[in-house]
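Inspection log for the structure reproduced underneath, given as structure tokens.
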Amino acid sequence: MTRNTNDLTIAVLPGDGIGREVMAACLELMTATESVSGGPPLRTATHNAGAQYYLESGDALPATTVEACRSADAILFGSMGWPDVRFPDGTEIIPQLDLRMEFDLYAGVRPIRWFPGLPRILADERAQGIDFVLVREQTEGLFYARGRGKIVDDSEAYDTMQITRKGTARASEYAFGLAERRRARRGTGRVTCVDKANVFTSMAFFRKVFDDVAAKHKDVEADHAYVDAMALNMVKKPWTLDVMVTENMFGDILSDLAAGLVGGMGMAPSADVGDTHALFQPAHGTAPDIAGQGKANPCAMFLSAAMMLDWLAEKHGAPELETRARLIEGAIEETLSSGVATPMEFGGGANCAEMTRATIAALPSAM
Ligand code: ATP
Ligand code: MG
């Protein structure tokens, strides 16, 4: 459904720790981008959720927040959770997992791209060409076991991996659609199914369903890799990777590894996409070790906002939002490559506020 961008509303959930810090920075950058690009601003409304709010109210994800997310056009999310704050049963406060389930956000999209000016983790020159996307199925897989694990007689424990045709097919479809869009820009498109089909029945089934989806997308190349081999290749030759689709737990692990390739968590954005709703958040957590010190690198949050603008642009046929996404990416690229400001995360001197100021200053003055 095409909507006038005047009417688009964003539910903003800053959360805890550095989530709040990078979100404040991101809203500043979005406002600055709107004044450069012209056109109507997105409406934003901030809502409570997370560990701090749980301490204040006894509720980690209020129903009013869930309903605000349901009626919003997109959800912009900081990060939530805190080490010592737990529910009475000892489980962690992870409202983002509840939102994933509530809105059936099955595709965890984790783009990994190297920006000039980032620390070189890999010596090989070709590492400057790192530009791939992990698509993580995130409604089932090994995370199906969350809250269902069993301890037997205090001597054994079990968790169950669930792979369904529906879950695998829709994550795979998303990956092929993405590869098709990327091909338009890059000239080639490939989706790699990352699994452990040689050992697990569930993973062999995952691969089979992937192959069924691949057969419908003959224009995009499709191949397979075992997750252990992929971990090796992601470090040895990440510049050869394009789009990957994988099970929930494998995706969780590989996406942190992938973030490490481009400097750290502060450069890794993510989107949780479903058929009707989508949530955009940095791939990092609340970083209790640096929270409250203003040191966080806001780039992952900025890049997540750019992903949100792209998603809204496509959904609502609004090219001006895509323009804003490119403005944000361009300003980050300019800031990092010029060396005007280097995030403290990479040994530079720029704290969150300084990174934000520099990124805003790197926007073109007007269009
Ligand atoms: P989660 O459980 O949510 O995955 P985590 O325990 O894996 O969280 P993160 O909060 O992602 O941990 O932090 C991992 C490390 O990366 C920490 O040392 C943290 O300080 C650092 N880090 C994460 N995000 C940023 C950022 N935006 N800027 C600078 N450092 C960051
Ligand atoms: Mg983590």
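Mind computing the radius of gyration and Dmax over the alpha-carbon atoms of the chain? Å is fine for both.
20.1, 68
Restrict the search to region 195-284; then list the trypsin sites (Lys or Arg not before Pro) that DSSP places in a loop and that have at most 13 other Cβ atoms within 10 Å of their Cβ.
Of the trypsin sites (Lys or Arg not before Pro), the ones in loops of region 195-284 whose Cβ has at most 13 other Cβ atoms within 10 Å are Lys216, Lys218.
So what is the 222 nm mean residue ellipticity for the chain from helices alone, if each DSSP H run of at least 4 adds -39500 (n - 2.57) and you divide by all residues, rounding to the nearest 500 deg cm²/dmol?
Rounded to the nearest 500, it is -13500 deg cm²/dmol.
Could you line up Asp212, Asp84 from fewest to most neighbouring Cβ atoms inside 10 Å?
Starting with the residue having the fewest Cβ neighbours, the order is Asp84, Asp212.
Give the peptides 262-275, 111-124 in descending order of average Cβ contacts within 10 Å, highest first.
Those peptides, ordered most packed to least, come out 262-275, 111-124.
Calculated FRET efficiency, Arg86 and Ala45, Cβ-Cβ r, R0 25 Å, to nearest 0.05?
0.30
Can you compute the charge dipole magnitude of region 9-60 about its Cα centre, using +1 on each Lys and Arg Cβ and -1 on each Asp and Glu Cβ, nothing else charged? Give it in debye, rounded to the nearest 20.
160 debye
Can you put Phe210, Phe176, Phe200 in order of Cβ neighbours within 10 angstrom, beginning with the fewest?
Least to most surrounded, the residues fall as Phe200, Phe176, Phe210.
Anything in the chain that counts as a DSSP H helix reaching 24 Å or more along its axis (C-alpha) with Kyte-Doolittle mean of at least -0.5? List them, would you?
Those that clear 24 Å and a mean of -0.5 are 18-37, 299-316, 319-338.
Quick one: Phe77, Phe250, fewest Cβ neighbours within 10 Å first, how do they rank?
Final ranking by Cβ density, sparse to dense: Phe250, Phe77.
Report for the chain the percent antiparallel among DSSP-assigned beta bridges with both residues inside it, nearest 5.
Approximately 45 percent, going by the DSSP bridge assignments.
Using only alpha carbon pairs under 8 Å that are at least six residues apart, calculate the relative contact order of the chain and give it in whole percent.
Computed value for the chain: 23 percent relative contact order.
Please work out whether region 255-367 counts as rounded, prolate or oblate from its C-alpha gyration tensor, where a ≥ b ≥ c are the square roots of the eigenvalues and a/c under 1.5 means rounded, while otherwise a/b larger than b/c means prolate and anything else oblate?
It comes out oblate by the Cα gyration axes.
Here, each number is a calculation from the coordinates, and none is a lab measurement. Not measured: the values here are computed from a predicted model. Don't worry about glycine lacking a Cβ; one is built from the backbone with ideal geometry, like all the others, and counts go over all protein chains shown.
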